[in-house]
Structures are given as C-alpha cells and as structure tokens.
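The values are calculated or read from the model by the stated rules, or taken from the named source; none is laboratory data. Given the structure is predicted, the values throughout are model-derived calculations rather than measurements. Quick reminder, even Gly has a Cβ in these numbers, built from the backbone with ideal geometry, and neighbours come from all protein chains shown. The area values use the complete protein model at the heavy-atom level, side chains included, leaving out ligands, DNA and RNA. Shrake-Rupley method; radii C 1.70, N 1.55, O 1.52, S 1.80 Å.
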Amino acid sequence: QIVYRQLDWLLPLYLEDYFGFDDRQQQFVDRQVEDLLRWHCGSQLKDYAALLRQANQDIHGQRMDRDRLQHYSNRIRALWADIVRELSPPLTELLHTMSDAQVKELFETFDENNAEAMEDFTGIAIAELKKQQQERMGEHLETWFRVLNRAQKQALRRWGEQFQPLGEQGLAMRRR
C-alpha cells in the first residue's frame, strides 16, 4: 500500500533514470501515469487483492505446493502482461518524441546497466553464483513468509542446486 500510493511520482522518477524529460514529455508522462493508475485501480486492483488473499490462505493453511505456486506465478505473469499491454501505446508515443540527445542518453544508460550486470555474473564460479542466488531468494522469501520452515529451506536448497546462472547467452539477450 505504501508503494502503490506513491506510484504517481515513483514511476516518472524510475523512467527518468533512463533519460531526462523535457517539459512537454514530463506533462505527457504525468498524464499517462495518472491514466495508468486510474485504469489499474479501477480494473486490476481487485484481482491483485483476491490473488494475495488466496495466496495468504494457502500459505497459512499449509497448502502452498508446487502446483499452487505455479498457478500464482502464471497469474502474476498474466497480470503483468496486462500492464505491459496498457503501457505499450503511451511508451511508444513517448519514445517517438525523444531527441537525438535523449536517445543517446537512453542507450548509454542501457550500456551502463548491462556492464553492471556483466560484472555481477562474469568471472565468478557457477557454484558461487548459485549460492548467491539462493541467498537472495531466501531473503526475498523471508520477506513474504517470515521465517522459513525446514521443508521450505529444503525446497530452497533444491531450487538453488538446479538454478542455472544467466550466462553469456542471457547477457547477450539482455544487451539486445
């Protein structure tokens, strides 16, 4: 709730991390964010609330298994796809208003972000990458579930053993 109520200024701030807006673009972004939030609040928020309530019931009822988790993952992906569909036309319109300097700034930001990702994954043994990812996932899970029980910790270990680091192919895809 705290973050959701701040999205009207957080979303434009996030976008400005990629390139700075001129006054006209800033007004356009502000209007589009307002429209997006109105749409999301009016047509999507009830689905998120229902999904979170059901997940909470499954967790507390000890019913969260692989199939349920896959169901929630699929549902979250579908909800995200709805947002992407809604955002695509205004983002395309914004990108068409960019100056050459803004395009240059955008690509420089992409290059910097990709270089940081490369540093995170290159030159590190696969075993170490798996360990780091398992630790990060454990921290994320504890945010949601608080303390993990023994079965959850075992599942996290199994997942960590099966985790495949991004690798050169993934980094190449990111660059593209």
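Brief remarks on what is shown
- Selection among A81, N113, L36 by position relative to the dipole of the chain gives A81 as farthest towards the positive end (Cβ unit charges, Cα centre).
- Förster radius 22 Å - calculated FRET efficiency between Q162 and N56 (Cβ-Cβ, nearest 0.05): 0.25
- Distance (nanometres) between label positions extended 7 Å along Cα→Cβ at Y14 and Y48: 1.0 nm
- Extreme residue, positive dipole direction of the chain, given options T92, Y14, A127 (C-beta unit charges): A127
- Summed over the residues of the chain and divided among them, the accessible surface reaches 75 Å² per residue at a probe radius of 1.4 Å.
- Here the chain is assigned +1 on the Cβ of each Lys and Arg and -1 on the Cβ of each Asp and Glu. Its dipole about the Cα centre then comes out at about 1360 debye.
- The chain: angle of helix 150-162 to the longest principal axis, Cα-based, in degrees nearest 10: 60 degrees
- Using bins of 5 Å that start at zero, the share of Cα-Cα pairs per bin across the chain amounts to 1, 6, 11, 14, 14, 15, 16, 13, 7, 3, 1, 0, in whole %.
- Label zone at E108, where the point sits 7 Å out along the Cα-to-Cβ direction: segment 11-36 residues whose backbone N lies under 15 Å: 17-21
- Length released on extending from R24 to I76, taking residue separation times 0.36 nm less the Cα-Cα span: 15.4 nm
- GNM on the chain, alpha-carbon springs under 10 angstrom: the most fluctuating residue among R77, R85, R150 is R150.
- Ligands, DNA and RNA left out, the 1.4 Å accessible surface of segment 1-134 is 56% carbon and sulfur atoms.
- Two-site label geometry, R63 and R176: point separation in nm, points 7 Å out along Cα→Cβ: 4.1 nm
- Applying 0.36 nm per residue to the separation of L7 and L141 and subtracting their alpha-carbon distance, the gain on full extension is 45.9 nm.
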